[in-house]
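Novice: This is the structure, below, for whatever I ask next.
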Amino acid sequence: MSEIPERHARLLAYAQSLTPPAGWKIEISGDEIIMMAGPSVIHQRNLLLVRRQFEAHEPADMMASENTDLASPNVGKLRNPDLTYVPLSVLESGGNEVPAEQAAIAVEIVSPSNPENDLVGKVRDYPLMDIPLYLLIDPRNGDITLYSEPSATGYHQQWTGKFGDRVPIPAPFDFELATDTLLRYPV
């Protein structure tokens, strides 16, 4: 493993020392610390519908986790997806962070208060963090995007659809995600 750049290490240490207000979470992207408010009930409902479908296809050696810190200190990233799947073996290391490259997927429901974080920042950061799949659900306009094949220059594959479409979720899950019951945010 390569050494963590000093500025990334300092920023990560500072972010970890913060105690956000109840219902808030902290992320790091490059040289920025991002604080986000807790999700709305529509956000939570959509996440529940998605999680239930993933649970039916969950690999035996993985566990679902909501709001787990995925860390990539070498590239200066600490992200906290709405839902991720990580190997059960991460429990052995304890702590509050999981190496991002161990995540099988990151699932995000776009926040109406800070959509750029999910639509721009995480589209940029997740492939750098070597997260193989990024499922982006946008209740503002009913869009869905599944990114795959990460590299240092971004994701090389992208599937796009609308609420009501079936999303082809690849291995290790191998199923079609039904989206016809997802709710859009009120206009």
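Novice: Of the residues ALA152, ALA178, which single one is among the aliphatic types (A, V, I, L, M) and closer than 30 Å to VAL75 by Cβ?
Specialist: That would be ALA152, the only listed residue that is among the aliphatic types (A, V, I, L, M) and closer than 30 Å to VAL75 by Cβ.
Novice: Counting only residues that are within 17 Å of the chain's Cα centre (by Cα) and among the aromatic types (Phe, Trp, Tyr), which one in the range 145-187 is surrounded by the most Cβ atoms within 10 Å (Cβ to Cβ)?
Specialist: TYR147
Novice: Restricting to the range 92-121, name every residue that is out of contact with any Lys or Arg (no Cβ under 7 Å at 6 or more places or on another chain) and acidic (Asp, Glu).
Specialist: Listed by number, the residues that qualify are GLU92, GLU97, GLU101, GLU116, ASP118.
Novice: Of everything in the range 104-116, what is buried (at least 16 other Cβ atoms within 10 Å of the Cβ) and over 11 Å from the mean Cα position of the chain (by Cα)? Give them in sequence order.
Specialist: SER111
Novice: In this structure, is ALA100 within 30 Å of ASP61 (Cβ to Cβ) and in contact with a Phe, Trp or Tyr (Cβ under 6 Å, 6 or more places away or on another chain)?
Specialist: No; evaluated as a whole, the condition is false for this residue.
Novice: As an exercise: evaluate PRO112 against (1) in a loop (DSSP other than H, G, I, E, B); (2) modelled with pLDDT under 95; (3) more than 22 Å from GLU32 (Cα to Cα) and give the number of the one condition it does not meet.
Specialist: Here PRO112 meets the rest and fails (3).
Novice: With the checklist (1) part of a loop (DSSP other than H, G, I, E, B); (2) within 30 Å of SER17 (Cα to Cα) in hand, flag the one item PRO127 doesn't pass.
Specialist: PRO127 satisfies all of (1) part of a loop (DSSP other than H, G, I, E, B); (2) within 30 Å of SER17 (Cα to Cα) except (1).
Novice: If I ask for residues that are touching a Gly at 6+ places or on another chain (Cβ under 8 Å) and β-branched (Val, Ile, Thr), which ones from the range 74-90 would you list?
Specialist: Matches in the range 74-90: none.
Novice: Would you mention how many residues in the range 31-49 are modelled with pLDDT under 65 and out of contact with any helix residue (DSSP H, G or I) (no Cβ under 8 Å at 6 or more places or on another chain)?
Specialist: So the count comes out to 2.
Novice: Any residue in the range 167-185 that is under 20 Å from MET63 (Cα atoms) and free of Cβ contacts under 8 Å to residues at least 12 places away in the same chain?
Specialist: Yes: one or more hits.
Novice: Still on this structure, I have one more. Do we find a residue being at positive phi and either in contact with a Pro (Cβ under 7 Å, 6 or more places away or on another chain) or open to solvent by 10 Å² or more (accessible area, probe 1.4 Å) (or both) anywhere in the range 124-138?
Specialist: Yes, because at least one residue in the range 124-138 is at positive phi and either in contact with a Pro (Cβ under 7 Å, 6 or more places away or on another chain) or open to solvent by 10 Å² or more (accessible area, probe 1.4 Å) (or both).
The values are calculated or read from the model by the stated rules, or taken from the named source; none is laboratory data. Just so it is clear, the model here is predicted, and its values are computed rather than measured. Virtual Cβ from ideal backbone geometry, glycine too; neighbours counted across all protein chains shown. Remember, those area values only see protein heavy atoms, side chains included, never the ligands or the DNA or RNA. Shrake-Rupley method; radii C 1.70, N 1.55, O 1.52, S 1.80 Å.
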